[in-house]
Amino acid sequence: MAITPGHPSTDLTGKPPVVDLATWQAARDELLVREKAHTREGDALAAARRRLPMVELDGTAEVVGPDGPVPFLDLFQGRDELVVYQHMWYDGAPHQGQCEGCTTTAWHLKDAVYLNARGVSSAILTTGRWDEVAPYVAFMGYTQPWYSVRDVAAPVGGTMGHIVCFLRAGDRVFLTYSTTGRGNEPVNGSFGLLDMTSYGRGESWEDNPEGRRVIGDVREGHPSQGRQACWYWRADADGAPTWGPTSRPVPQWTRPGATPVETLGRQGHHH
C-alpha cells in the first residue's frame, strides 16, 4: 500500500530498528563525530567565501518595482550588503504555472529581520514584466521586496535561479558571491529539518535503508522522473503530490482564493 504524507502507519516495516536508550546513544555519539567534522568543513568553506575577490558593476542600472524604475543601488536600503534571489519567470502564465523550485526558495525568504540586523538587505529579482509580477507577489503574500530585471544584464539580471550577494561601498556596487542548484538549499530550512528525520526528504535519489518509504517522483513521463522529488514541487487540493492538471506549487494552496485549476498553465507549454 502506498504511504502518503500526513497518513500515519502502525507498520514497523522499513522503520529504524528498535533498541534500548544506551545503544541508541552510542550510535548517536558515533554519528556526532562525523557531524562535527561536517560543521567544521562548512565553517572552512564560509571562510573561503569571505576571501573571494569581487567584481564591480553599474549600481545605476535600473530595475522596476512598485514605485517604478529605481537604480539597483536603492535595493541596499542604505545597508552595506545585499542578498538577492533571482526568481525564474514564465511570461503569460497564471500563478500556478510559475517556477516551482523558485516558489520553494522564495517562500523561505519571507522575513529578513536577522539579515537586516547584520547590515544585510534582501530582495527577489525576476525577469517577468512588472505588471505580471505585481499580482503574483500580492497573491503569494510575499513580504520581501520584488523587482523586475527584464532586459537588465547579468549579474543583476541574466540567468535566473541563483542566490547572489553584493557589497556596497558608497555609490560603488560589487558582486561577491553567487550560487545555484543545491547551493540554494541553505535558504530552505525545511530541507535541513527533514534531513534530521528518519524518512528524510522523501526524495527518490536519497540513500535510504532497504524497505524505507520513499515518496519519490510521480511526474509520469517527465525527463527527471525517478531522480527528483515531487511533493515539495506541486500538489493537488488534497495535498497529494502530483504533476497533473489540477496541481500547483505547494505553498500556493495556503493562499486565499487558491482553487483547483483546469490546466497546468504555462502558456504554450504543458507537462
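The conditions are (1) surrounded by 12 or more Cβ atoms within 10 Å (Cβ to Cβ); (2) among the basic types (Lys, Arg); (3) not in a strand (DSSP E or B), and ARG182 fails exactly one of them. Which is it? Going through the list (1) surrounded by 12 or more Cβ atoms within 10 Å (Cβ to Cβ); (2) among the basic types (Lys, Arg); (3) not in a strand (DSSP E or B), ARG182 breaks only (1). Select from region 63-89 the residues that are within 20 Å of the chain's Cα centre (by Cα) and either within 15 Å of SER122 (Cα to Cα) or at pLDDT below 95 (or both) and list them in ascending order. If the condition is that a residue be within 20 Å of the chain's Cα centre (by Cα) and either within 15 Å of SER122 (Cα to Cα) or at pLDDT below 95 (or both), then LEU82, VAL83, VAL84, TYR85, GLN86, HIS87 are the ones that fit.
Kindly evaluate THR104 against the criterion of being in contact (Cβ under 8 Å) with a residue 60 or more places away in the chain, in contact with a Ser or Thr (Cβ under 9 Å, 6 or more places away or on another chain) and surrounded by 18 or more Cβ atoms within 10 Å (Cβ to Cβ). Against the criterion (in contact (Cβ under 8 Å) with a residue 60 or more places away in the chain, in contact with a Ser or Thr (Cβ under 9 Å, 6 or more places away or on another chain) and surrounded by 18 or more Cβ atoms within 10 Å (Cβ to Cβ)), THR104 qualifies.
Residues in region 37-69 that are surrounded by 10 or more Cβ atoms within 10 Å (Cβ to Cβ), part of a strand (DSSP E or B) and without any contact (Cβ under 8 Å) to a residue 40 or more places away in the chain: PRO69 only.
Restricting attention to region 1-36, and to residues there that are surrounded by 11 or more Cβ atoms within 10 Å (Cβ to Cβ) and modelled with pLDDT under 95, which single residue is nearest to the chain's Cα centre (by Cα)? Result: PRO5. Scanning region 107-138 for residues that are in contact (Cβ under 8 Å) with a residue 60 or more places away in the chain, closer than 23 Å to TRP253 by Cα and over 18 Å from the mean Cα position of the chain (by Cα) turns up just one, ALA134.
Out of the residues in region 246-268 meeting the condition of being over 19 Å from the mean Cα position of the chain (by Cα) and either hydroxyl-bearing (Ser, Thr, Tyr) or more than 24 Å from ALA138 (Cα to Cα) (or both), tell me which one is modelled with the lowest pLDDT. Give the derivation first.
We begin by selecting, within region 246-268, every residue over 19 Å from the mean Cα position of the chain (by Cα); these are 246, 256-268.
Still in the list and also either hydroxyl-bearing (Ser, Thr, Tyr) or more than 24 Å from ALA138 (Cα to Cα) (or both): 246, 259, 263, 268.
Values: THR246: 85, THR259: 83, THR263: 68, GLY268: 42.
Across region 246-268, the extreme among qualifying residues is GLY268.
Here the condition is being out of contact with any helix residue (DSSP H, G or I) (no Cβ under 9 Å at 6 or more places or on another chain), more than 18 Å from VAL55 (Cα to Cα) and not β-branched (Val, Ile, Thr); of GLU185, GLU206, it holds for GLU206 alone. Surrounded by 11 or more Cβ atoms within 10 Å (Cβ to Cβ) and either touching a residue at least 24 places away in the same chain (Cβ under 8 Å) or under 26 Å from the mean Cα position of the chain (by Cα) (or both), is that true of GLN96? Answer is yes for this residue.
The values are calculated or read from the model by the stated rules, or taken from the named source; none is laboratory data. These figures come from a predicted structure and were not determined experimentally. Glycine gets a Cβ as well: all are built from the backbone with ideal geometry, and neighbour counts include every protein chain shown.
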